[in-house]
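Report on the following structure.
Every number in this text was worked out from the coordinates using simple rules, so none of it is lab data. None of the values given here were measured: they were computed from a predicted structure. Here the Cβ is made from the backbone with ideal geometry for all residues, glycine too, and neighbour counts use every protein chain on show.
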Amino acid sequence: MPQHTRLRRPAALAAAVPLALLPLAGCGTTSAASDPKVVTVYSADGLKGENGDGWYDRVFQDFEKETGIKVRYVEGGSGEMVQRALRERTNTQADVLITLPPFIQQADSKGLLQAYEPKGAEHVDGGDKSPRHTWTAVVNNYFGFIHNKKELKTPPTTWEDLLDPKYKDKVQYSTPGVAGDGTAVVIKAMHDFGGREPAMEYLGKLQANNVGPSSSTSKLAPKVDKGELLVANGDVQMNFAQSRSMPNLRIWFPAREDGRPTTFALPYAAGLVTDAPHTENGRKLLDFLLGERAQRQASAIGGGFPARTDIKATDANAIALSGLMRGVEIFEPDWTDIDKNLTSYVEAWKTATGS
């Protein structure tokens, strides 16, 4: 089991990805609201499989079969999904929003989410859901990095390793403030280096080897697998699932020199959108995502961790994931502070890196 510093249970512009071949209209009378048997999901990437074999693929298919409600699916970076929902406030298109922290908190603070406690949410750890019932984790997850295990005979283990000139133009991380995993780079660096200033000093140095911005974290793994990149950021669930078809990926957690590897929980968190065109369908989908069958599939199919603490996964993936997390120190970010100061942290990163 992971070792925690605080005792806690594990917790490109957006493109339409149609399920059941349903187009997503942008506005007007042909919007999603015109069809009563659909539910529209705006989500961070990572849970939909490259070959139709991901957690979303299975769960949405099961949901449609059981309810007759078709899922319209739109994915992108966590920040982009929140911004898209904000732009559409006068003509709401999404019913359910699923993002990584701190963007689910940002969506909540901007009034994008309405209160609804899905069935099963009582089994979700208190740190992984809103006390106001506006959002709850549906798949638990952890932040991480990946490297190409074929090309790197001596893999990196520390942040400092990545400053080596051999990594020039071979390191890339997704954009803080746009992608949830990209924002997580800043959060982990601030923790590991002991504050904003030393973290930004390090990220400024890393920029000499960094390829540049990427709005989507999921697009980095194929580049690492092919050797175009040697190191990139990601998260455990997404990269574990991708490794089924990308055999050269290895997940790792940077440490400081002479320190222990660290990470933090980065769950996929879902909420019902304010003024959703299909509020009742959105509620049904949230109930379904937290249902026992879908939760057991979080590891078996999705490569993640069940959000419900009463679900004890014992499948092969769950055992492998437990081994992966062994010996990694897990810290708990101050999400209230991050939500309040996210803009200033992103601006500090831009200044430090010249982005």
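Between residue 335 and residue 61, the simple spin-label model (points 7 angstrom out along Cα→Cβ) gives 3.1 nm.
Between residue 322 and residue 115, the simple spin-label model (points 7 angstrom out along Cα→Cβ) gives 3.8 nm. Judged by the ratio a/c of the largest to the smallest principal axis of the C-alpha gyration tensor, segment 231-277 counts as oblate, that ratio being 1.5 or greater while a/b is no larger than b/c. Got a sec? Charge dipole of the chain, +1 on Cβ for Lys and Arg, -1 for Asp and Glu; which of 279, 240, 130 is way out at the positive end? After comparing all options, I get 240. The alpha carbon gyration tensor of segment 238-345 gives principal lengths a ≥ b ≥ c with a/c of 1.5 or higher and a/b no greater than b/c, which makes the shape oblate. Calculated mean residue ellipticity, 222 nm, the chain: -10000 deg cm²/dmol, from DSSP H runs (n ≥ 4) at -39500 (n - 2.57) each, averaged per residue and rounded to 500. Taking the Cα centre of segment 256-355 as the origin and placing charges on Cβ (Lys, Arg +1; Asp, Glu -1), which of 268, 295, 349 is farthest toward the positive end of the dipole? Going by the charge dipole, the pick is 295. The alpha carbon radius of gyration of segment 139-296, expressed as a multiple of 2.2 N^0.38 Å, is 1.16. Remark: the Cα gyration tensor places segment 70-223 in the prolate category, a/c being 1.5 or greater and a/b exceeding b/c.
Here segment 79-153 has an Rg and Dmax of 16.0, 54 Å, counting Cα atoms alone.
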